[in-house]
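Just below is one structure, and these are the notes that go with it.
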Amino acid sequence: MKIIRQYELVERVQAYDPDADEELLNAAYVFAVKKHGSQTRASGDPYYSHPVEVAGLLADMKLDAASIVTGLLHDTIEDTDTTREEIARVFGEEIARLVDGVTKLSRLELQSETTKEAENLRKLVIAMSSDIRVLLVKLADRLHNMSTLRHIKDPSRRQRIARETMDLYAPLASRIGMERVKTQLEDLAFAELNPDGHGSIAARLKKLREEGGQQVPEIEAGLRTTLAEGGVKAQVSGREKTPYSIWRKMRTKNVDFEQLSDITAFRVIVETRADCYSALGLLHERYRTLPSRFKDYISVAKPNGYRSLHTGLIGPLGRRIEVQIRTRDMNDQAERGVAAHWLYKQGGPSTDAPQYAWLRSLVEILDKAPSPEEFLEHTRLEMFQDQVFCFTPKGKLIALPRNATPVDFAYAVHSGVGDTCVGAKINGRMQPLRTTLVNGDQVEIVVSKAQTPSPTWERFVVTGKAKAAIRRFMRTRQREQYLQLGRSLLGKAFHEEGYELTDKGLEGVLANFKQASVEDLVAHVGEGLTTAREVLLAVFPGLKPQRKGGAEVVPISRARPSGRGQRAAATTQREAAAGRIAIRELIPGMAIHFARCCHPLPGDRIVGIVTTGKGVTIHTIDCATLESFGDSQDRWIDVGWDAVGENAGSFTGRLKVTVANQPGSLSSLSTVIARHEGNISNLRIVNRSLDFFDMVIDVEVADVRHLADITAALRATPAINAVERARN
Ligand code: MN
């Protein structure tokens, strides 16, 4: 490979920053080469090629000299005999602090379990909130490591790095508006995590490119002409989307490869903001528009600062296309995010900027989240959602993730408002708290001092802030319940043998059960992790163990929706032991059925309908059958899925599939499903023509995500024409 030379790097930096400290850059380059000496990378390249490439990527982002120098030095503390003090002496305190920050993050990466991973994120967020350049260098480091990932021999290590890139670094890049880095990270990670999916989409893209020939240049020319005739000066360019972004679209939207209008996105760059709207007007006048595709991120920018107009058209050559219209500045911001402002603001953008509201809320959650895993879960959720924008009665704009509810809104306004909310007026009308908010809603929260967070809220809120607050409240309340239950179970057990239950007695056996306090032990019993009898026997070892066949005490028996009738007692106990006692609205003992019209899967939003003499039927929230129960609200029961463990068993998902009527179609269908660990339990051909079969397939899956994976994989399969989840 060709390594960027010292003078090349300096020239690249000086091209956008003529005042950059040349001597400092030269010194850092030489320092890195000397310190890494004869070390080599997994690829066989000299090690110093890595920091030099990272510095090159930072120069592509047009960052300041301190960031470039940090890129050059970022592995010296970790991998050579260099100390922080030495760097401070040679390069100054600012650089030493930045290199130290990157080193700390890199050390965290060497650890792998989930807890550590979450802990990494905590530290990462803290480091970022002090100086975002640490994150920028880290992102460049990760980008270069991903592009050389194939040289690492250990497949599980490659997988871990790719997973972390997908889950952590790509969303972070997106959050600071670095769209290009995000896209590259995602696509490199996708190629490692799902080589089949990546390969098949890349192959189909290649085929389309060959068939399409001159289509892209022709569409570009058509758009250009339309704009020029209307007097708007514009640059037009078409760019192919990455396999990962196409894959994601096939997964989340109900589209097949052939229906994807936007394998190529067209970008129109104009001079002024007013030109953006003129260009939009001209295109809408000339071509048929797809109204649902129009988005105005200029009037309301995305929280990461992204501004652009998006629209969908039946464009030149009659092709459905996606067009993004923006000024040069907006484009720069869209591609380089936070780095776009770098050179113009000494010291870099302040963390008080509106784009950093998310960062502040992360730090807030971080302060309050008791376990790192919980923090990670919330953060991931938050980072993957698109946004909706709603308003307070006074007109203040509140940005929320997609699918947010009035409860999320209330917590976003103030945690006190969230904790005490009892109702919401959306656009002047009272609406249920679980209503999904849409863009432009005006929301007024009704509060009552007597109200406390309801556990049922957790099933529909989507923001980390609301989830964390509700969980915190529930944990406290759950603990109270465990204590109460534990007390009464112990009291009963002791009393039956004629003993008095005393704290003193319990204190003596705390060590036996590895508990720190009497309260902890009592709660432990209440939670079903230890039986009261065991505690009794520990306190009075002389007692005979209870005869076999004695009734087992299960703390709270819980109805659980199950496709297979009631579960064995062992399962219930294991679940109780896992501490997953959730408060359910399902009445234990009532039979629970899954509606045959909509086949609910774990992960679906569901609702229960009381059916006289037949217990409760579970439907998905969007099931058409529900309309017939619209008038009898008292039969509706609020239900939610319990956490579904690995051995949760399988559920039936129903797919409607159209395959080409050709040899091998069915076998590739079943191969794809089997490869994704789905099991076909039923297959019915509902329609047959010369060219196609329409079929309904029942697939046993673990949950709705599993079904979505299979759906996406099928959509990427050439012989398969259309796939969708069957409803009714
Ligand atoms: Mn590195």
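One residue stands out among those in segment 640-678 that are under 24 Å from His619 (Cβ atoms) and polar (S, T, N, Q): the one that is modelled with the highest pLDDT, which is Thr652. A count restricted to segment 42-78 and to residues that are among the acidic types (Asp, Glu) and within 11 Å of the ligand (Cβ to nearest atom) stands at 3.
At pLDDT 90 or above, crowded, with 16+ Cβ neighbours inside 10 Å and either within 32 Å of the chain's Cα centre (by Cα) or assigned by TED's automatic domain parsing to the domain that holds Ala162 (or both), is that true of Ala65? Here the answer is yes, as Ala65 does meet what is asked. When Arg160, Arg142, Arg150 are checked against the criterion of being modelled with pLDDT of 75 or more and closer than 27 Å to Arg97 by Cα, a single residue qualifies: Arg142.
Residue count for segment 1-25, restricted to those that are outside any helix (DSSP H, G or I) and loosely packed, with under 12 Cβ neighbours inside 10 Å: 5. Note on segment 95-124: residues that are at pLDDT 90 or above and away from the ligand (no atom under 15 Å from the Cβ) amount to 2.
When Ala28, Ala32 are screened for being within 13 Å of the ligand (Cβ to nearest atom), surrounded by 22 or more Cβ atoms within 10 Å (Cβ to Cβ) and either modelled with pLDDT of 95 or more or part of a helix (DSSP H, G or I) (or both), only Ala32 passes. For segment 453-461, state whether one or more residues are at negative phi, part of a helix (DSSP H, G or I) and in contact with a Gly (Cβ under 6 Å, 6 or more places away or on another chain). The answer is yes, given that some residue of segment 453-461 is at negative phi, part of a helix (DSSP H, G or I) and in contact with a Gly (Cβ under 6 Å, 6 or more places away or on another chain). Pairs linking a residue in segment 59-86 that is closer than 14 Å to Ala32 by Cα to a residue that is in a loop (DSSP other than H, G, I, E, B) and within 16 Å of the ligand (Cβ to nearest atom), with Cβ atoms under 7 Å and 6 or more positions apart or on different chains, are Thr76/Thr82; Asp79/Gln39. Going through segment 682-700 one residue at a time, which ones are exposed (fewer than 12 other Cβ atoms within 10 Å of the Cβ) and of a type outside the set (A, V, I, L, M)? Those that are exposed (fewer than 12 other Cβ atoms within 10 Å of the Cβ) and of a type outside the set (A, V, I, L, M): Asn682, Arg684, Asn687, Arg688, Ser689, Asp691.
Being away from the ligand (no atom under 16 Å from the Cβ), surrounded by fewer than 24 Cβ atoms within 10 Å (Cβ to Cβ) and modelled with pLDDT under 80: is that true of Asp167 here? So Asp167 fits the description; yes. Can you name every residue in segment 79-90 that is within 16 Å of the ligand (Cβ to nearest atom) and either under 22 Å from Ala20 (Cα atoms) or in the same structural domain as Asp332 (by TED's automatic domain parsing) (or both)? Of everything in segment 79-90, just one residue is within 16 Å of the ligand (Cβ to nearest atom) and either under 22 Å from Ala20 (Cα atoms) or in the same structural domain as Asp332 (by TED's automatic domain parsing) (or both), namely Ile87.
Condition test on Gly44, is it in the same structural domain as Ile132 (by TED's automatic domain parsing), surrounded by fewer than 23 Cβ atoms within 10 Å (Cβ to Cβ) and modelled with pLDDT of 95 or more? Criteria not met by Gly44. Criterion first (within 14 Å of the ligand (Cβ to nearest atom) and more than 19 Å from the chain's Cα centre (by Cα)) does Leu143 satisfy it? Yes; evaluated as a whole, the condition is true for this residue. For Ile321, which of the numbered conditions (1) over 28 Å from Pro195 (Cβ atoms); (2) in a helix (DSSP H, G or I); (3) among the aliphatic types (A, V, I, L, M); (4) at pLDDT 80 or above fails to hold? In the conditions (1) over 28 Å from Pro195 (Cβ atoms); (2) in a helix (DSSP H, G or I); (3) among the aliphatic types (A, V, I, L, M); (4) at pLDDT 80 or above, Ile321 misses (2) alone.
Scan segment 180-202 and give yes if some residue there is away from the ligand (no atom under 16 Å from the Cβ), in contact (Cβ under 8 Å) with a residue 12 or more places away in the chain, on the phi < 0 side of the Ramachandran plot and not in a helix (DSSP H, G or I), otherwise no. There is at least one residue in segment 180-202 that is away from the ligand (no atom under 16 Å from the Cβ), in contact (Cβ under 8 Å) with a residue 12 or more places away in the chain, on the phi < 0 side of the Ramachandran plot and not in a helix (DSSP H, G or I). Within segment 522-543, residues that are over 13 Å from Ala493 (Cβ atoms) reach partners that are hydroxyl-bearing (Ser, Thr, Tyr) with beta carbons closer than 6 Å, at six or more positions or on different chains, in the pairs Ala523/Tyr482; His524/Thr530; Glu527/Tyr482.
Of all residues in segment 439-452, those satisfying the criterion of being assigned to a loop (DSSP other than H, G, I, E, B), at negative phi and surrounded by fewer than 16 Cβ atoms within 10 Å (Cβ to Cβ) are Asn439, Ser448, Lys449, Ala450, Gln451, Thr452. Of all residues in segment 296-312, those that are in contact (Cβ under 8 Å) with a residue 40 or more places away in the chain have Cβ atoms under 8 Å from Cβ atoms of residues that are buried (at least 19 other Cβ atoms within 10 Å of the Cβ) and assigned to a strand (DSSP E or B), 6 or more apart or on another chain, in Gly312/Ile321; Gly312/Glu322; Gly312/Val323.
The values are calculated or read from the model by the stated rules, or taken from the named source; none is laboratory data. These numbers were taken from a predicted model, which means no experiment stands behind them. Please note: Cβ atoms are built from the backbone with ideal geometry, for glycine as well, and neighbour counts cover all protein chains shown.
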